[in-house]
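All remarks here apply to the structure that follows.
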Amino acid sequence: MLQPRFLPGFSFSADGFLIELKDAIGQYFAQDIINRCFEGRQEFCSAYGPDPAGDRELFFRASPFNFARQTVRGIDLDATYRVALDEVFGNAPGNVTLKALGTRYIDNITDAGVPNVIPVDIVGQLGGSSLPKWIYRFNATYDTDSFAITGTARGVAGGTYANNYVVCSNDCPVGRPPSIVSQFPTIDSNRIDGATYFDLNLTSRIDMGGGAKGELFFNVTNVFNGEPILLPETGLAANSTYSDLLGRSFRIGIRMQTR
């Protein structure tokens with residue numbers, strides 16, 4: 001942790017992480033099974049067929065298996081600055097605290113160990129179960145003995161729908177073998193916008209008598225009613241992990257503390 005003497009109240013830390021798993025338990029889903037079958041791997045062709053119940057056209061058996069290796073690498077960043085206002089403006093009450101948190105993902109690679117299947121780093125891919133390049137959060141708080149106001153900005157950086165897509169429209173590559181076509185299909189646009197949401201929290205501290213203390217709070221989540229991260233797919237058609245799916249919402253309540 002860095003706490004420079006020339007800037008009292010400021011601290012900064014950076015922590016790197018590296019996660020490597022061997023024989024990690026994973027799973028191939030419907031599209032992956034079809035792709036591997038299309039490449040000529042008969043063990044995947046036998047993993048699907050007509051639905052015995054007749055409820056759908058095809059029935060897939062997506063059994064878990066052991067990947068050869070999985071690697072996740074990134075950096076966590078944390079910066080905080082806190083200042084008492086009376087040190088700056090004389091008799092001004094309260095404190096101001098600024099806090100920024102961010103994670104930069106560098107690698108997210110799964111090697112399935114299947115011959116001719118090329119591992120792809122999916123950092124920055126917002127479709128499916130993946131990790132964006134950046135996740136960030138910034139808080140600004142004004143705090144006194146009687147009340148506190150906190151504004152928050154949170155979000156993720158933009159990225160791709162899938163990192164294995166080849167972007168082209170008129171001059172697409174031809175003559176590629178089936179294994180390359182199924183793993184790296186073409187698409188005319190592979191850009192997905194990120195999202196930033198703003199929250200506001202107001203807290204009033206009250207004396208409830210008899211030594212009891214309480215806080216009356218009012219919270220607005222997604223103040224500007226920002227939209228979720230939209231994806232060009234069926235179903236929900238949004239990234240449910242990093243999106244705000246509810247839109248603007250309000251919450252009011254009271255917290256009580258007794259001795």
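The values are calculated or read from the model by the stated rules, or taken from the named source; none is laboratory data. None of the values given here were measured: they were computed from a predicted structure. Because the Cβ atoms are built from the backbone with ideal geometry, glycine has one as well, and the counts that use them run over all protein chains shown. These accessible areas exclude ligands, DNA and RNA; they are computed on the full protein's heavy atoms, side chains included. Shrake-Rupley method; radii C 1.70, N 1.55, O 1.52, S 1.80 Å.
Checking Cβ-Cβ separations below 4.7 Å across the chain identifies no cysteine lacking a candidate disulfide partner.
Between the residues P119, G9, A24, the greatest Cα displacement towards the positive end of the dipole of the chain, with unit charges on the Cβ of Lys, Arg, Asp and Glu, is found for G9.
Cross-link partners of K99 among lysines, defined as those whose alpha carbon lies under 21 angstrom from its own and excluding same-chain residues fewer than eight positions apart: K133. Rounded to the nearest 10 square angstrom, I19 shows an accessible area of 90 square angstrom against a 1.4 Å probe. Placing +1 on the Cβ of every Lys and Arg and -1 on the Cβ of every Asp and Glu, with no other charges, gives the chain a dipole of roughly 500 debye about its Cα centre.
Can you give the percent of C-alpha pairs in region 40-131 whose distance is more than 21 Å? Tail of the P(r) past 21 Å holds 64 percent of the pairs. When volume of the Cα convex hull per residue in Å³ is calculated for this entry, the matching label among (i) 232; (ii) 137; (iii) 120 is (i).
Share of region 129-228's accessible area from carbon and sulfur, percent, 1.4 Å? So the carbon and sulfur contribution to the accessible surface is 56 percent. Of the DSSP beta bridges with both residues in the chain, give the percent that are antiparallel, rounding to the nearest 5. Among the beta bridges of the chain, antiparallel pairing accounts for roughly 95 percent. With all protein chains kept in place, the per residue accessible area of the chain amounts to 62 square angstrom at a probe of 1.4 angstrom. Within the accessible area of region 1-121, the carbon and sulfur atoms contribute 56%, probe 1.4 Å, all protein chains present.
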